[in-house]
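Input: a single structure, listed below in structure tokens.
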Amino acid sequence: MSTHGSQHPGGGEPAQNLDYRIAHLQERLASGELGELGVRVEARGQTVLLTGTVPSAPCRDEILRTVHEELAGVPVHSDLVVTETSSPDHAEELA
């Protein structure tokens with residue numbers, strides 16, 4: 001029986017396993033289209049914190065989808081800021 005990829009609910013090596021999974025996630029994010037973004041992935045106890053700035057909501061959603069695939073079963077807190085600069089839908093009136 002292999003412990004690779006298995007869950008460690010109460011003991012064993014959960015911190016090592018989480019560190020490995022985070023490293024794999026960081027490699028996956030860096031190798032994809034999102035690689036240029038400054039998204040940080042940090043272990044905080046048995047949870048993971050995402051921080052950084054992304055250019056759009058779809059980009060954030062793609063990152064979160066990837067994170068949840070790689071870190072299934074791990075609580076993830078996201079503090080990703082969207083800097084989307086959409087054009088205004090009406091003219092600004094200056095007084």
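The values are calculated or read from the model by the stated rules, or taken from the named source; none is laboratory data. All values reported here derive from a predicted model rather than from experimental measurement. Cβ: placed from backbone, ideal geometry, glycine included. Neighbour counts: every protein chain shown. The protein model used for the area step is the full one, side chains on, heavy atoms only, and it has no ligands, DNA or RNA in it. Shrake-Rupley method; radii C 1.70, N 1.55, O 1.52, S 1.80 Å.
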Placed amide H near residue 56: partners under 5 Å, 5+ positions off or other chain: 83
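Going by accessible area, probe 1.4 Å, with all protein chains left in place, what is the ranking of 77, 24, largest first? Can you show the working numbers first?
Values: 77 105, 24 80 Å².
My answer, sorted largest first, is 77, 24.
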R0 of 22 Å, Cβ-Cβ distance residue 84-residue 16: FRET efficiency to nearest 0.05: 0.05
For region 14-82: accessible area per residue (Å², 1.4 Å): 57
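Rounded to the nearest angstrom and ordered from largest down, what semi-axes does the equivalent ellipsoid of region 14-82 get from its C-alpha gyration tensor (root of 5λ)?
Numbers: eigenvalues 74, 31, 20 Å².
Here the semi-axes work out to 19, 12, 10 Å.
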